[in-house]
Amino acid sequence: MRTIRMTVAYDGTNYVGWQIQPNGESVQSAIERAILKLTGEQISVLSAGRTDSGVHALGQVVSFRTNSPIPCNGFRKALQKFLEPDVIIRDLQNTHADFHATYSAKKKRYRYIIHNSKTHNPFLRNYVWHRHSRLDTDAMHAAAQKLIGTFDFRSFESHWPNKATSVRTVMELTVRREHYCPIFFEQPGGLCAAPSSGSVSPSQPEGDFIWIEIVADGFLYNMVRAIVGTLIHVGTGRWHAEDIRRIRDAMDRSQAGDTAPPQGLYLVEVDYGDDASDDAPLD
C-alpha cells in the first residue's frame, strides 16, 4: 500500500464544489471515479480544502492510498485520461504513509480576482467578480492589514459555528492592481506563483484587475469571500481601516459585508513544510 500526493488544478464552473454532493457533480467525485476506472479501487480521496460551487483551484492538494503498482508518471498520465479537461493533474508523487492532505497542511494561499472596469468582459464572467465603480486599492490594502494576526474571525464566517474554534492566524493579506487576470498567464515560478515580493505596494492605478491575496493557517466557511465583500466597502469609501478593526472585534457576521461571489476565488497553493517530503522518487 502506497500513499499518493497529487496537485490538481480545476475550473470550478461546472461543479457543485470539491466535496461530493447529492445535487450534482463534484471535483472529488470526478477524481474518485477516475481512480476507480484506472485501478479498480473504490477510494475516498482527501483534500487540502473544500472549495465551494464555482470556486477554482490552481494548487489543490489531494492524497489517497492505493495498491496500484503503476509508476507515478504513468499513473498521472493514465488518470488524466479519465478526467474532463477542466480538471488537470499537475503533479503526482509518492509520499510518506502519514501524509494527510487536510491535516498536514501548515498554511494555504487564496487569491480573489476583481475586474474593476467600466465594461464587462464576456470571457471572464466565470473567473472574476466584475465591479464597475473604481475601487481605492490603497485604502483597501491599508484596511486589510487590520486582519493580519491571530484573531477570532467569526465576523467573516458564514453559518457560525462550523468548526471547534473560529480563531485563525492570517500571515499575509494584500490588495494590489495588475494589468492582467492571472489565470491566463504563467508567472516566473509557475502558474500559481504568488505576486513578486517587490510588488507589495498596491498602488497601480492603471491596472483593471485587483488581486486580493490571503495566506493563513486555516480558513473558515466563506471566510475569504466575506473579507473581500467587506473590503469592497472600503474601496468605495463607505468604510475605513478602523471600521475593519471594529468589525473584526465584533465577532458578529452581520457587521461585515456581503459574501463575494464564488467565481473570483482561487485556491492557489498549500504549504506542507517538511510534511510534503517524499519517501520515494517521482518516476
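From ILE214, ILE210, which residue is closer than 21 Å to ASP249 by Cβ and either more than 15 Å from the chain's Cα centre (by Cα) or modelled with pLDDT of 95 or more (or both)?
ILE214
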Can you report the number of residues in segment 162-190 which are among the aliphatic types (A, V, I, L, M), at pLDDT below 95 and surrounded by 16 or more Cβ atoms within 10 Å (Cβ to Cβ)?
1
For segment 95-115, what are the residues that are over 29 Å from VAL228 (Cα atoms) and either surrounded by 19 or more Cβ atoms within 10 Å (Cβ to Cβ) or not assigned by TED's automatic domain parsing to the domain that holds VAL27 (or both)?
THR95, PHE99
For segment 165-182, what are the residues that are hydrophobic (A, V, I, L, M, F, W, C) and part of a strand (DSSP E or B)?
VAL167, VAL170, MET171, LEU173, VAL175
Leading residue by the ranking (farthest from ASN116 (Cα to Cα)) among those in segment 135-161 that are modelled with pLDDT under 95 and touching a Phe, Trp or Tyr at 6+ places or on another chain (Cβ under 9 Å)
TRP160
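Condition check ((1) in contact (Cβ under 8 Å) with a residue 60 or more places away in the chain; (2) part of a loop (DSSP other than H, G, I, E, B); (3) at positive phi) across all residues:
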| site | (1), (2), (3) |
| --- | --- |
| VAL8 | yes, no, no |
| THR13 | yes, no, no |
| GLN19 | no, yes, no |
| ARG65 | yes, no, no |
| ARG76 | yes, no, no |
| LEU79 | no, no, no |
| ARG90 | yes, no, no |
| ARG111 | yes, no, no |
Answer residue from segment 21-59, given it is assigned to a loop (DSSP other than H, G, I, E, B) and among the charged types (D, E, K, R) and is surrounded by the most Cβ atoms within 10 Å (Cβ to Cβ) among those:
ARG50
Quick check on LYS118: is it touching a residue at least 12 places away in the same chain (Cβ under 8 Å) and either buried (at least 20 other Cβ atoms within 10 Å of the Cβ) or more than 26 Å from ASP271 (Cα to Cα) (or both)?
yes
In this structure, is PHE123 at negative phi, assigned to a helix (DSSP H, G or I) and at pLDDT below 95?
yes
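The values are calculated or read from the model by the stated rules, or taken from the named source; none is laboratory data. All figures in this text were calculated on a predicted structure; none of them were measured in a lab. Glycine also receives a Cβ, built like all others from the backbone with ideal geometry; neighbour counts cover every protein chain displayed.
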